[in-house]
Amino acid sequence: MLDATTRSGGTATATPRATATELAVAVPAPELAVAVPAPELAVAVPAPELAVAVPAPELAVAVPAPAGLAARCTRVLFSPWSRLSLLIALLAGAASAVLLFEPQRLLADGWPPQLGGAAAALVFAVAYGLCTVAFVPRPLLNLGAGALFGSQLGVGSAIAGTVLGAGLAFGLGRILGQDALRPLLRGRWLKAADGQLSRHGFRSMLAARLFPGVPFWAANYCAAVSRMGYVPFLVATALGSIPNTAAYVVAGARASAPTSPAFLIAMACIALPALAGAVVAWRKRHHLRGVR
């Protein structure tokens, strides 16, 4: 130790060498490299895994060209105007079937003898509903119900057929026609009718059924195009159709005795609501004209 000190020229030279060696051992550079090695980072997020997660061939299979063509065809088939065209075709076919088969002949020829009682009334209710969808006038059907089944069973069958036909027409108009027809509600009268049915659906439909001024089929499809709910429409139709329907059924059941009190009362019940409806429409004309 003294020789080294003598050769270096003093004791101050030996101390820095020992200190440098001790520091290198206490915090070696290899330990730092092992604690956070670069190879581990490369393995944690490897480039090949990213390439496998979103491969180009999978994207090409997910959106093939035939699927795009099928989607476009589906959009065209289910577009609002395509559905409206289908509705018009269905209604035209139903009206043509009524003209060909002439269901009004039941009034003259009578009901088939194989059917009787409640079963016949049920079949008549179904036929009644389908005929109303095909624009057959309800007064004619109500008269037929009274002539075939009498007052009590005829009223029940006619009311059931009325609700069934109204529900079918409302569903067809809502599914097939609403989206195409709502943008066309630009006129003053159309906007007034749509606003009334959308905001006050139940009472508006109840008034339309009680006062027979609007045709049955027109009220059904106007309600379907509006924002009116399905349940209020059916309930208002059932309740509002009872007086007028019962009057026609009783008139049909007592048509063979036109001077009987029942027949005369029934005719009065038919005429008075029609007159009241005309008066209400006349009084509301200023309100409708003021709608912009």
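For the criterion of being of a type outside the set (Val, Ile, Thr), closer than 20 Å to LEU115 by Cβ, in contact (Cβ under 8 Å) with a residue 12 or more places away in the chain and out of contact with any strand residue (DSSP E or B) (no Cβ under 8 Å at 6 or more places or on another chain), GLY144 passes. Among residues of the stretch 184-210 that are in contact (Cβ under 8 Å) with a residue 12 or more places away in the chain, those with a beta-carbon under 7 Å from a residue that is among the basic types (Lys, Arg) and open to solvent by 30 Å² or more (accessible area, probe 1.4 Å) at least six positions away or on a different chain give the pairs LEU185/LYS191; ARG188/ARG292; SER198/ARG227.
Screening GLN178 with (1) at pLDDT below 90; (2) touching a Leu at 6+ places or on another chain (Cβ under 7 Å); (3) not small (Gly, Ala, Ser) gives one miss only, at (2). Each residue in the stretch 186-218 was checked for being basic (Lys, Arg) and more than 23 Å from the chain's Cα centre (by Cα), and 2 of them qualify. Of the residues making up the stretch 88-114, those that are open to solvent by 70 Å² or more (accessible area, probe 1.4 Å) and either of a type in the set (Asp, Glu) or at pLDDT below 85 (or both) are LEU99, LEU100, PHE101, GLU102, GLN104, ARG105, LEU107, ALA108, ASP109, PRO113, GLN114.
Scanning the stretch 228-270 for residues that are among the polar types (S, T, N, Q), out of contact with any Pro (no Cβ under 7 Å at 6 or more places or on another chain) and open to solvent by less than 30 Å² (accessible area, probe 1.4 Å) gives THR237, SER241, THR245, SER260.
Scoring VAL214 on the criteria (1) open to solvent by less than 20 Å² (accessible area, probe 1.4 Å); (2) outside any helix (DSSP H, G or I) leaves a single failure, condition (1).
The values are calculated or read from the model by the stated rules, or taken from the named source; none is laboratory data. In this text, all values refer to a predicted model and were calculated from it rather than measured experimentally. No Cβ is skipped: glycine too gets one built from the backbone with ideal geometry, and neighbour counts run over all protein chains shown. The protein model used for the area step is the full one, side chains on, heavy atoms only, and it has no ligands, DNA or RNA in it. Shrake-Rupley method; radii C 1.70, N 1.55, O 1.52, S 1.80 Å.
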